[in-house]
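The values are calculated or read from the model by the stated rules, or taken from the named source; none is laboratory data. Given the structure is predicted, the values throughout are model-derived calculations rather than measurements. Cβ atoms come from the backbone with ideal geometry, glycine included; neighbour counts cover every protein chain shown. Ligands, DNA and RNA are stripped out before the accessible areas are found, and what is left, the full protein with its side chains, is counted by its heavy atoms. Shrake-Rupley method; radii C 1.70, N 1.55, O 1.52, S 1.80 Å.
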Amino acid sequence: PLFTSRQQYCDFEEILKTSSNEYFINLPFGHNEILSQTKFKLGRVLTYSSKGTNWGLTCNLLHDISILSHFTEIKNIEITNIKTVVKAEFESKRKNYFEIYGQLSFRAKNIDVSLESYEGKETLKTTKITFDNSEMLIDYDNNIVVRSGEKIIIDKKFSTPRASDTTGNVIESIMKNKVTLPYASDYIGISLKIYENLSSSISKKQIEFPFS
């Protein structure tokens, strides 16, 4: 679903509390092989930053949180010091919805998080994660590189798993208890808090803020 009001978040949160079913979020980066291999293995995260052009700031928020969750426990994570700068609002590819360009920053478990997206001629995105003794740089159209000092630990092509490619593997992994999918209940509080902060800065009512 695409949530565009606080009430929609609250209604879904009530469903999560009362339903006997488990709800998961469709976040493909959770199945990236390299991220899975390095999960919780690179030490304490200090900073997380994503920059790019032509990608919606709110639409992509949970994807960034899902990558961050590979390196720190996401459950009940506390979000503080939220700051937003809305640079532009534009029509989404989804009819009657809008997206935004701008800047979003916050603190998550003592980690400084910064997200920036602007209008450009092509769609580009990079993410940099700094740890105690290493750093990871993800160029979504090229490579993922992990460095420890001057030493390169990983330098491989980065791929975004697609549902059509990974459904069978994901199901097999779930059956073998090898994959833990992201619970909606772990993410909804984060999304709602940032939505409430952003909503006062935007003019369009149907800003695309997916929680799916």
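Here the strands (runs of 3 or more DSSP E) wholly within the range 87-167 that include at least 2 residues being open to solvent by less than 50 Å² (accessible area, probe 1.4 Å) and out of contact with any His (no Cβ under 9 Å at 6 or more places or on another chain) are 98-108, 111-118, 124-131, 135-139, 143-148.
The one condition from (1) open to solvent by 30 Å² or more (accessible area, probe 1.4 Å); (2) of a type in the set (Val, Ile, Thr); (3) within 21 Å of Lys125 (Cβ to Cβ) that Ile34 does not meet is (1). Within this structure, Leu124 passes the test of being touching a Ser or Thr at 6+ places or on another chain (Cβ under 6 Å) and of a type in the set (A, V, I, L, M).
With respect to the conditions (1) open to solvent by 20 Å² or more (accessible area, probe 1.4 Å); (2) β-branched (Val, Ile, Thr); (3) closer than 19 Å to Met136 by Cβ, Ile65 lacks only one, and its number is (1).
Here's the yes/no breakdown for (1) in a strand (DSSP E or B); (2) touching a residue at least 60 places away in the same chain (Cβ under 8 Å); (3) of a type outside the set (A, V, I, L, M, F, W, C); (4) under 16 Å from Ile188 (Cβ atoms):
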position: Gln8; (1), (2), (3), (4): no, no, yes, yes
position: Asp11; (1), (2), (3), (4): no, no, yes, yes
position: Ser20; (1), (2), (3), (4): no, no, yes, no
position: Asn26; (1), (2), (3), (4): no, yes, yes, yes
position: Ser36; (1), (2), (3), (4): no, no, yes, no
position: Thr47; (1), (2), (3), (4): yes, yes, yes, no
position: Lys51; (1), (2), (3), (4): yes, yes, yes, no
position: Leu57; (1), (2), (3), (4): no, yes, no, no
position: Ile67; (1), (2), (3), (4): no, yes, no, no
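All of Thr47, Thr72, Thr80, Thr84 fail the test of being polar (S, T, N, Q) and either closer than 15 Å to Tyr140 by Cα or surrounded by 17 or more Cβ atoms within 10 Å (Cβ to Cβ) (or both), apart from Thr84. A count restricted to the range 1-51 and to residues that are closer than 30 Å to Ile202 by Cα, touching a helix residue (DSSP H, G or I) at 6+ places or on another chain (Cβ under 8 Å) and aliphatic (A, V, I, L, M) stands at 3.
Anything in the range 1-31 that is open to solvent by 30 Å² or more (accessible area, probe 1.4 Å), farther than 28 Å from Asn110 by Cβ and in contact with a strand residue (DSSP E or B) (Cβ under 8 Å, 6 or more places away or on another chain)? List them, or say none. Those that are open to solvent by 30 Å² or more (accessible area, probe 1.4 Å), farther than 28 Å from Asn110 by Cβ and in contact with a strand residue (DSSP E or B) (Cβ under 8 Å, 6 or more places away or on another chain): Pro1, Leu2, Phe12, Glu22, Tyr23.
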